[in-house]
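Notes follow once the structure below has been shown.
Only the coordinates and a few stated rules stand behind these numbers; no lab work does. It should be emphasised that the depicted structure is a prediction, and the values quoted were computed from it without experimental measurement. Here the Cβ positions follow ideal geometry from the backbone for every residue, glycine too, while neighbour counts run over all protein chains shown.
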Amino acid sequence: MVSELSRRKFLQLGAGGLALLTTGSSLAPPAATAAVVRASQGLGASEPWVEATVGQLQRLMRRGTLSSSELTAAYLGRISGLDPLLNAVIETNPDALAIARRRDRELRHGRWRGPLHGIPVLIKDNIATADRMETTAGSLALVGSLVPEDAAMVHRLRSAGAVVLGKTNLSEWANFRGGSADFPPINGWSARGGFTRNPVDLSLDPSGSSSGSGAAAAASLAAVTVGTETDGSILSPSAEQAVVGIKPTVGLVSGRGIIPIAHSQDTAGPICRSVRDAALLLDALRRPGRRLHRHRPPHSYADHLDRHALRGARLAFDHRYAEGDYGPGDQEFLDLVAAAVDDMRRAGATVVDVTSVDPAQPDASGRVPFNDEFTVLLFEFKVQIAEYLSRLERTSMRTLADLIAFNRANCATELKWFGQEVFEAAEATSGDLTDPEYRAALATSQGFGRGVIDRYRSQGFDAVVAPSNSFATSVAATAGYPSMSVPAGYLRSGRPVALWLSAGYLEETQLIRLGYAIEQTLKARVAPTQAGSVPPEPKPFPGCATTTGKRGIDGRDAAAGLRRREL
């Protein structure tokens, strides 16, 4: 039964990510050419552009003191210098400089496409680009395959004038392949891209699955980056690498051309060094049009930045995800969060302690929301990955069964560190999205998340707040509602801490207003220094024979307090 593979236990298996990091990469980004290195020397790591915002870079370009091609060359040089250590970029775009030169010509002739004109952007390697780069979700199974077209959001980026600089590494298959108690999945690892490091401290877990996008944004390997999230994979790597992440309402950004887990929860979104940059990037990513599902999104999310938005704001601080099995499990962590909340109160916010419903307890119908979310993902993945694969050329991969067989045949590389239990559990579902088991699980899962957020919104709260490094992302993720991560400070060990905010359907504007005010109040983020050292290698996975889909991930014996896994 699908229920034997508890979603809670599945998420908890990411606990091993901190200890299971290693050196090396199976496919490092190409070295910069001599021309790129020469071009970047005038814009070295000590120059202001490294931590510059999109607005600052735009002003330099429009004044003619910096060109897109110079900036693109500088980022390529920075990737060449830093990425052998960080391994955040799985591949750079061989056409990036040519694209940047075209943007420069446009600007010289008076054509300005908007705030992202000429701005280099890195995107996650599960987002299709119809160019000379691969789209693989980090898997060797899709190397050499050909996508039919750009993902819809990539088309939007190009139309906005952005320079697609390359692809970022990720937790393979967006952390939805496998792992057991003895051999857990590894945040930031893919067979194609190797192990991504956290630029704040190399010994820290970069978190998953948008690990590379988070690391690249934090280390200024591009002006802005794009990640994807099913549950936690924008917010968690943003929190662990001290950057800003926005998971939009599901549907605000088109999912066409993104390798799926589950369309009911999947979305792409910004990972950036500032709230303002995240708002500008969201402007470019979102679906075009004046209305969306009878709602009218703003002309620009960046128009709604308000450093005084905490004045009069009412926030619900959810203790369900601050204490006990669902919280960070660290008193210093909670003390830092409490200090940040006190600062928000001094800035004018009313913050009320609340405790939402327990997602691991049966609801009125006897169903468990945490387990039902996992059931939904298993059912949808089997169907939707086949739909995605059916459109590819130059590959024999057409179904989930094909991917499972490929991994078994390439055990030494694909299954080097952990198995594919989740793939096999998804394959064991009926693959029928009219199945009553799937429909009931979807209703329970969505009802849980929407019930929590809608309840507090109806009570007059502007947003729900929770600490990072918790299970709190699941509330907005199952609801399909927006959420956001904003840096809040650092522990004595140097580990970043963040606040996670969530709000109602298409209420991104609300989160951006509040997130900007929190950012300006706390001023918590500092540029990373690549401190610490790379952890030792994990123990090798003993082989394919043990990848049964059940070993070690029975939710009935889930260990409390283990670190969660992000999708």
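Among rounded, prolate and oblate, which fits region 213-261 when a ≥ b ≥ c are the square roots of the eigenvalues of its C-alpha gyration tensor, a/c under 1.5 means rounded, and a/b larger than b/c means prolate?
Working: a/c = 2.18, a/b = 1.66, b/c = 1.32.
Since a/c reaches 1.5 and a/b is larger than b/c, the shape of region 213-261 is classed as prolate.
Applying a 10 Å radius around every beta-carbon, put 233-246, 263-276 in order of their mean neighbour count, most first.
Numbers: 233-246: 32.9, 263-276: 25.8.
Those peptides, ordered most packed to least, come out 233-246, 263-276.
Which cross-chain or sequence-distant (5 or more) residues have an amide H under 5 Å from the amide H of V226, H modelled 1.01 Å from N in plane?
Placed amide hydrogens put L122, I123, K124, I271 under 5 Å from V226.
Note down the relative contact order for region 111-198 as a percent, whole number, built from C-alpha pairs under 8 angstrom at least six residues apart.
It comes to 32 percent, rounded to a whole number.
What list do you get for L310, L107 if you sort them by fewest beta carbons within 10 Å? Let's see the in-between values first.
Values: L310 25, L107 19.
The order, fewest Cβ neighbours first, is L107, L310.
Of L252, L140, L85, how do they rank once you tally other Cβ atoms within 10 Å and put the fewest first? Please list the in-between numbers first.
On the way: L252 24, L140 18, L85 14.
Going from least to most buried by this count: L85, L140, L252.
Taking the Cα centre as origin and putting +1 on Lys and Arg beta-carbons and -1 on Asp and Glu beta-carbons, what dipole magnitude results for the chain, to the nearest 20 debye? Could the numbers behind the result be given before it?
On the way: 62 positive and 59 negative charges, 394 e Å.
Approximately 1900 debye in magnitude.
Under 22 Å between alpha carbons: how many lysine pairs meet that in the chain, if sequence neighbours fewer than 8 apart on the same chain are excluded?
For the chain, qualifying lysine pairs total 13.
Checking the a/c ratio against 1.5 first, then a/b against b/c, what shape does the Cα gyration tensor give for region 181-260?
Details: a/c = 1.74, a/b = 1.24, b/c = 1.40.
Judged from the Cα gyration tensor, region 181-260 comes out oblate (a/c at least 1.5, b/c at or above a/b).
Highest first, please rank the peptides 208-218, 342-352, 311-321 by the mean number of other Cβ atoms sitting within 10 Å of their residues. Intermediate values should be presented prior to the final figure.
Values: 208-218: 35.8, 342-352: 16.2, 311-321: 19.5.
Highest mean packing first, the order is 208-218, 311-321, 342-352.
How much of the DSSP beta bridge set in the chain is antiparallel, as a percent to the nearest 5? Mind showing how you got there, number by number?
Details: 30 of 48 bridges.
Rounded to the nearest five, the antiparallel share is 60 percent.
Which of the three applies to the chain, rounded, prolate or oblate, going by the alpha-carbon gyration tensor with a ≥ b ≥ c and a/c under 1.5 meaning rounded? Display every interim value, and only then the final one.
On the way: a/c = 1.44, a/b = 1.12, b/c = 1.28.
Judged from the Cα gyration tensor, the chain comes out rounded (a/c under 1.5).
Tabulate in residue order the Karplus-calculated ³J(HN,Hα) for region 262-272, using 6.51 cos²θ - 1.76 cosθ + 1.60 with θ = phi - 60°, rounded to whole Hz; enter x for Gly and Pro.
With the stated coefficients, region 262-272 comes to 8, 5, 5, 10, 5, 7, 8, x, x, 10, 9 Hz.
If Lys and Arg each add +1 and Asp and Glu each add -1, what is the summed charge of the other residues whose beta carbon sits under 13 Å from the beta carbon of L522?
Working: positive: R307, R345, R346, K523, R525; negative: D342, D343, E519.
Cβ neighbours under 13 Å give a net charge of +2.
Quick check on the exposure proxy: order S254, S171 from fewest to most C-beta atoms within 10 angstrom.
Numbers: S254 19, S171 32.
Neighbour counts put them in this order, fewest first: S254, S171.
Around V497, what is the net charge, scoring Lys/Arg as +1 and Asp/Glu as -1 over all other residues with Cβ under 12 Å from its Cβ?
Numbers: positive: R492, R495, R525; negative: E240, D330, E332, D335.
With Lys, Arg at +1 and Asp, Glu at -1, the neighbours total -1.
Rounded to whole Å, give me the distance from the Cα center of region 336-389 to that of region 199-230.
Comparing the Cα centres of region 336-389 and region 199-230, I get a distance of 22 Å.
If packing is taken as the average number of other Cβ atoms within 10 Å across a peptide's residues, how do 523-530, 474-481 rank, most packed first? Walk me through the intermediate numbers first.
Working: 523-530: 15.8, 474-481: 27.0.
In decreasing order of mean packing, 523-530, 474-481 become 474-481, 523-530.
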